[in-house]
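S.K.: Below is a structure I'd like to ask you about.
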Amino acid sequence: MFQKMVIREWAEADRPREKLLERGRRAVTDAELLAIVIGSGSRTETAVELCKRVLAGVNHNLLQLSKLEVHDLCEYKGIGEAKAISIIAALELGRRRQETKQTDIPILNSSKLVYEFFRSQLQDLPHEEFWTIYLNTACKVVDTQLIGRGGNDFTPVDIRTIFRFALLNKCHSIILAHNHPSGTLKASDTDIKITQKIVRAAELIDIRVHDHLIFTDCAYLSFRDEGLL
């Protein structure tokens with residue numbers, strides 16, 4: 001007697017989750033994506049087989065599928081209320097994504113723009129904070145990360161953390177930023193040494209350090225503008 005194979009028994013290349021992980025989201029079929037959403041099939045069908053049947057019922061049209069209600073989906077054997085709700089929630093997220101307007105991503109190609117972009121983050125702080133701004137090839141911001149928080153005149157900086165986020169974000173360049181609560185617009189020997197150390201480390205993985213800005217509440221110092229970088 002034929003025994004149905006569950007997804008975990010398939011070859012890894014055929015498993016929806018593994019397929020998405022290994023080949024990327026574009027390589028996964030609609031049925032496989034739905035199978036990931038519902039998580040499991042029934043005693044007689046795998047999740048993928050079940051989702052193929054559901055899609056066939058709407059002529060493989062996701063727009064038609066998105067119009068179904070919970071009771072409509074529950075008419076398919078193997079689809080209970082929980083799975084129906086999961087499918088509807090996933091499709092609703094997709095619809096809302098289409099309605100979301102993409103905000104303008106800041107382009108930081110000068111020290112003045114960096115100051116205007118990040119001033120509010122470091123303004124009025126009683127302690128030092130050290131941040132890294134991560135940029136793509138067009139100098140557009142892809143992420144910002146707090147690297148260290150310290151006292152009035154010293155912040156510990158973990159260089160490994162800086163580049164861990166750089167690699168995660170696949171960034172092209174970074175901008176360093178920290179504040180001086182004292183209001184002093186002068187780079188200390190420690191500021192200069194840690195900057196040089198970060199620049200050397202960045203060169204090893206082909207990432208550029210565009211600038212290092214020191215912020216006070218009403219002004220800034222740019223290492224690049226001052227010839228320190």
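The values are calculated or read from the model by the stated rules, or taken from the named source; none is laboratory data. Since we're looking at a predicted model, the values are computed, not measured. Positions of Cβ are backbone-derived with ideal geometry, glycine not excepted, and every protein chain shown enters the neighbour counts.
S.K.: Can we say Leu213 is within 30 Å of the chain's Cα centre (by Cα) and of a type in the set (A, V, I, L, M)?
M.R.: Against the criterion (within 30 Å of the chain's Cα centre (by Cα) and of a type in the set (A, V, I, L, M)), Leu213 qualifies.
S.K.: Out of (1) part of a loop (DSSP other than H, G, I, E, B); (2) surrounded by 13 or more Cβ atoms within 10 Å (Cβ to Cβ), the odd one out for Pro156 is which?
M.R.: Here Pro156 clears every test but (2).
S.K.: For Arg43, indicate whether it is modelled with pLDDT under 90, of a type outside the set (Ser, Thr, Tyr) and within 21 Å of Leu93 (Cα to Cα).
M.R.: Taking the combined requirement at face value, the residue does not satisfy it.
S.K.: Also: So, in the stretch 79-120, exactly how many residues are more than 26 Å from Asp225 (Cα to Cα), of a type in the set (A, V, I, L, M, F, W, C), touching a residue at least 12 places away in the same chain (Cβ under 8 Å) and assigned to a helix (DSSP H, G or I)?
M.R.: Residues flagged as more than 26 Å from Asp225 (Cα to Cα), of a type in the set (A, V, I, L, M, F, W, C), touching a residue at least 12 places away in the same chain (Cβ under 8 Å) and assigned to a helix (DSSP H, G or I) within the stretch 79-120 amount to 6.
S.K.: Can you tell me which residue is surrounded by the most Cβ atoms within 10 Å (Cβ to Cβ) among those in the stretch 121-148 that are in a loop (DSSP other than H, G, I, E, B) and polar (S, T, N, Q)?
M.R.: Top of the filtered list is Asn136.
S.K.: Now for a different question. Gly183 fails exactly one of the following numbered conditions: (1) in contact with an Asp or Glu (Cβ under 8 Å, 6 or more places away or on another chain); (2) farther than 19 Å from Tyr220 by Cα. What is the number of that condition?
M.R.: (2)
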